[in-house]
DNA sequence: TTCTTGATTTAGAATAGTTCTAAATAACAA
DNA sequence: TTGTTATTTAGAACTATTCTAAATCAAGAA
């Protein structure tokens, strides 16, 4: 699945539209997580920034990711296995498959897996977290 | 759902059957997690031990929980939300509902939720982690 | 411009949960 | 007993993340 890569100017507009002031750091992080990265962790973003941005502190990385999540441009999730938080630019409702050998995550949509709840009225469901584990070849 | 509580002697036999030497600490922890507790965290086990056992270190709590998991007497899982590991004496395949207000976990079986995978052969699924979020009343 | 004010970024400290380490203790076998 | 191994312990170390307080920056007012 190829990803359309946005220009800094387009990223800037997206940030403005979300009422996030588009600083250089935010544009850089947003561009990376929205266009280049695939389910990155904060560490991965920091590593990318160290290699591609003049200077960015870890606090700013976490900060910015948090801001993007709050702005609705990014989803945050903690996987059942690693204790780490990963970020997902696919903000629609969807599920995941994790390759236990490589740790790689794959997005799954509702054509690929379905969850059918028969819970009684005592359970009001507001969200579904589903991760299939296994091996991808 | 009432839980049948095992005597220390019965716990001891279970540990022996699983090739785990039944020390006083292990019997105490096993009895608590298998009979009394409901999805406890390591912290909860430690708190119980502080109140009900002469002296137990946190390392022993983690150690013992790890041993019980390896022995197949207990399941370990990390929830999507809290970063904490919780332990589940229900070792059969099952899912969970988490009340986001209280944090309380409910076991769900396959009569209550079903997962239907239509993944192509490239995905070999070996496990399914499903957590429904919401509110229970 | 220059100033002011508030937002942002920063380094490093602090925190939370867990694992590791090395020494002390307990249990078992001979 | 004595020797050997397993278990337990306290505390250090570690990882991921958040917090803090100071420095820097940016946009509007003068």
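Please treat every number below as a calculation from the coordinates, not as lab data. Note that the structure is a prediction, hence the values are computed from the model and not measured. Heads up, the Cβs are rebuilt from the backbone with ideal geometry, glycines too, and the neighbour counts pull from every protein chain shown.
A few comments on the model shown:
- Between residue B:82 and residue A:9, the FRET efficiency estimated from the beta carbon spacing at R0 = 51 angstrom works out to 0.80.
- Once the mean of 1/r is taken over each pair of separate Cα atoms and inverted, the range A:59-99 shows a Kirkwood hydrodynamic radius of 11.1 Å.
- Dimensionless Rg/Rh of chain B - Kirkwood Rh, Rg from C-alpha atoms: 1.01
- Length released on extending from residue A:92 to residue A:110, taking residue separation times 0.36 nm less the Cα-Cα span: 5.4 nm
- For residues of B:100-107, the mean tally of beta carbons on other chains within 10 Å: 1
- Overall form of the range B:68-137: oblate. Here a/c, set by the Cα gyration tensor axes a ≥ b ≥ c, is 1.5 or more, and a/b is not larger than b/c.
- Distances between copies at residue A:119, taken between label points 7 Å from Cα along the C-beta direction, are 2.3 nm in increasing order.
- 0 to 90° range, to nearest 10: angle between helix B:8-17 axis and chain B longest Cα axis: 70
- Here, the protein assembly as shown has an Rg and a Dmax of 22.0, 70 Å when only alpha carbons are counted.
- Measuring between their Cα centroids, the range B:31-96 and the range A:75-137 lie 24 Å from each other.
- Look at the stretch B:120-128: the mean tally of other chain Cβ atoms within 10 Å of its residues' Cβ atoms is 6.
- For chain B, the longest principal axis of the C-alpha atoms and the axis of helix B:42-52 are separated by about 30°.
- Rounded FRET efficiency, nearest 0.05, which uses the C-beta distance separating residue B:100 from residue A:70 and R0 of 22 Å: 0.80
- Here the translational diffusion coefficient of the range A:8-78 follows from Stokes-Einstein with Rh set to the Kirkwood radius across Cα pairs; for 25 °C and 0.890 mPa s it amounts to 205 µm²/s.
- Estimated translational diffusion coefficient (Stokes-Einstein, Kirkwood radius over Cα pairs, 37 °C, 0.692 mPa s) of the range B:6-46: 318 µm² per second.
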